[in-house]
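In what follows, a single structure is set out as structure tokens and then discussed.
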Amino acid sequence: MIKYNKHIDNIIRNDTAYGSIDALRLHASERDSVFIHNMWNDFKSSLSQSDIRYYPDVGKGYRLLEDITKIDKSHLMLFDGSDRAIRNIFQIYVEPGSNVITTSPGFPMYEVYTKMFNGNLIDICYSNMQCPVNEIVSAINDKTNLVILSNPNSPLGNLINITTINRILETCIKYNIMLAIDEAYIEFSNQSSMCELAKIHPNLIVIKTFSKAFGSAGIRVGYTVSTKSNRDLLNKIKSMNDITSMSISWLEVLSKYKDQVDNYVNDVKMNRQHLLQTLKTHNVNHIGSCTNFIHIDLKKELSNILTKQCQLFNTNYVRVSIPGDEQNYKLLLNQILESI
Ligand SMILES: Cc1ncc(COP(=O)(O)O)c(C=O)c1O
């Protein structure tokens with residue numbers, strides 16, 4: 001038997017299957033609306049063979065990220081997706097046998113990475129849809145190395161307020177441990193990001209992605225915001241080339257068309273509000289959301305629309321992304337109304 005890290009035996013993974021691209025994809029919290037012609041043409045005309053033949057100019061990636069975020073690069077670390085940022089955070093902070101505290105429901109990769117780095121996952125259940133702050137605070141002890149929360153919660157979709165996060169952060173300070181806040185969906189909420197605090201607070205790292213509000217899941221870009229010294233730690237274990245040349249070209253387009261990103265987020269928020277109101281009016285069971293997806297109790301399958309079946313709190317709801325595109329939204333709404 002070839003030697004390997006036996007502790008990974010208890011990690012169970014399914015193949016990542018994102019399904020057909022012919023149907024309307026509303027199952028993976030992706031952007032449904034197409035980008036305007038000018039954006040797409042700018043991207044295509046910016047590409048050249050050098051993007052394939054040469055290593056990427058990651059420095060340019062950082063300059064663009066500074067432009068998009070208005071955060072100095074000394075606080076920023078780029079990754080090929082925020083999933084990689086999460087993994088590297090686990091690699092730095094989780095020692096074998098130490099505890100990682102998160103919530104249930106929670107983003108499934110937190111469990112995978114806890115097991116990968118031989119930690120113990122303490123997942124604390126939401127009750128009444130509320131972040132279990134008291135239970136989290138009392139679970140933190142000398143064995144805890146990391147607390148990680150997604151805000152808004154993924155897959156639930158609701159927000160943890162700043163006061164709650166600050167309470168958890170204070171306990172993390174007491175035990176000298178890191179709090180990582182995964183803000184994959186924060187732009188769809190009305191709450192501000194914790195990035196400014198993360199720039200100065202040694203116990204806080206914020207994880208961000210271009211997959212959701214920026215609608216660019218395929219380019220695989222995520223980043224962290226932290227103090228300079230936490231950035232230095234992340235830098236020690238970074239990949240040799242953080243992101244690809246094509247991702248950098250796309251970042252350049254995004255930096256030029258920031259209004260298009262805002263438009264999509266606003267469209268989703270507007271359609272979400274309308275959808276929530278409609279579900280309420282028709283007494284359809286659902287879980288409210290501050291993200292670009294929502295869980296609905298649908299009695300009938302939608303046709304030619306991909307959705308995800310989810311079990312949350314003994315319900316068997318369907319998770320569906322909220323379209324930004326008007327036609328897509330109408331299609332979804334009509335089918336929901338037909339199914340009730
Ligand atoms: C809470 C949360 N964090 C991170 C990710 C990973 O995002 P990325 O595409 O940047 O790897 C997701 C993806 O759905 C997510 O829901």
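Annotation: of all residues in segment 44-98 being of a type in the set (Phe, Trp, Tyr) and within 14 Å of the ligand (Cβ to nearest atom), the one that is nearest to Thr224 (Cα to Cα) is Phe79. If the condition is being over 21 Å from Asn190 (Cβ atoms) and either of a type in the set (Lys, Arg) or in contact (Cβ under 8 Å) with a residue 40 or more places away in the chain (or both), then segment 152-180 contributes Lys174, Ile177, Met178, Ala180. Within segment 53-70, residues that are closer than 25 Å to Gln260 by Cα reach partners that are surrounded by 16 or more Cβ atoms within 10 Å (Cβ to Cβ) and among the β-branched types (Val, Ile, Thr) with beta carbons closer than 6 Å, at six or more positions or on different chains, in the pairs Lys60/Ile248; Gly61/Ile243; Gly61/Ile248.
The number of residues in segment 157-211 being more than 18 Å from the chain's Cα centre (by Cα) and aromatic (Phe, Trp, Tyr) comes to 1. In segment 115-161, the residue that is farthest from the ligand (Cβ to nearest atom) out of those that are among the hydroxyl-bearing types (Ser, Thr, Tyr) and assigned to a loop (DSSP other than H, G, I, E, B) is Tyr126. Taking the condition in contact (Cβ under 8 Å) with a residue 60 or more places away in the chain and either more than 16 Å from the ligand (Cβ to nearest atom) or under 15 Å from Ile92 (Cβ atoms) (or both), does Glu252 pass? Considered against the rule, which asks whether it is in contact (Cβ under 8 Å) with a residue 60 or more places away in the chain and either more than 16 Å from the ligand (Cβ to nearest atom) or under 15 Å from Ile92 (Cβ atoms) (or both), Glu252 comes out as yes. In segment 1-21, the residues that are closer than 16 Å to Asn118 by Cβ and modelled with pLDDT of 90 or more form no Cβ pair under 7 Å with any partner that is surrounded by fewer than 10 Cβ atoms within 10 Å (Cβ to Cβ) and not aromatic (Phe, Trp, Tyr), whether six or more places apart or across chains. Considering (1) farther than 25 Å from Leu149 by Cβ; (2) in contact with a strand residue (DSSP E or B) (Cβ under 8 Å, 6 or more places away or on another chain); (3) among the β-branched types (Val, Ile, Thr); (4) within 16 Å of the ligand (Cβ to nearest atom), the lone condition that Ile287 does not fulfil carries the number (1). For segment 189-203, indicate whether the set of residues that are at pLDDT 95 or above and within 23 Å of His27 (Cβ to Cβ) is non-empty. Checked segment 189-203: at least one residue is at pLDDT 95 or above and within 23 Å of His27 (Cβ to Cβ). With respect to the stated conditions, Val112 fails to be in a strand (DSSP E or B) and either in contact (Cβ under 8 Å) with a residue 60 or more places away in the chain or touching a helix residue (DSSP H, G or I) at 6+ places or on another chain (Cβ under 6 Å) (or both).
Contact annotation: residue pairs with Cβ atoms under 8 Å, 6 or more positions apart or on different chains, pairing a residue in segment 25-51 that is under 15 Å from Ile248 (Cβ atoms) and touching a residue at least 60 places away in the same chain (Cβ under 8 Å) with a partner that is surrounded by fewer than 18 Cβ atoms within 10 Å (Cβ to Cβ) and among the basic types (Lys, Arg), are Asp42/Lys256. Determine if segment 31-43 includes at least one residue that is touching a strand residue (DSSP E or B) at 6+ places or on another chain (Cβ under 9 Å), modelled with pLDDT of 95 or more, surrounded by 13 or more Cβ atoms within 10 Å (Cβ to Cβ) and part of a loop (DSSP other than H, G, I, E, B). Yes, there is a match, as at least one residue in segment 31-43 is touching a strand residue (DSSP E or B) at 6+ places or on another chain (Cβ under 9 Å), modelled with pLDDT of 95 or more, surrounded by 13 or more Cβ atoms within 10 Å (Cβ to Cβ) and part of a loop (DSSP other than H, G, I, E, B). For segment 138-174, a tally of residues being over 19 Å from Pro202 (Cβ atoms) and among the β-branched types (Val, Ile, Thr) returns 3.
Tally up the residues in segment 189-214 that are in contact (Cβ under 8 Å) with a residue 24 or more places away in the chain and either near the ligand (Cβ under 9 Å from one of its atoms) or more than 17 Å from Ile68 (Cβ to Cβ) (or both), please. So the count comes out to 16.
Of the residues Ala213, Ala180, Ala198, the single one that is among the hydrophobic types (A, V, I, L, M, F, W, C) and in a loop (DSSP other than H, G, I, E, B) is Ala213. Summed over segment 215-237, residues that are within 16 Å of the ligand (Cβ to nearest atom) and free of Cβ contacts under 8 Å to residues at least 60 places away in the same chain total 2.
The values are calculated or read from the model by the stated rules, or taken from the named source; none is laboratory data. Small disclaimer: the values here were computed from a predicted structure and weren't measured. Please note: Cβ atoms are built from the backbone with ideal geometry, for glycine as well, and neighbour counts cover all protein chains shown.
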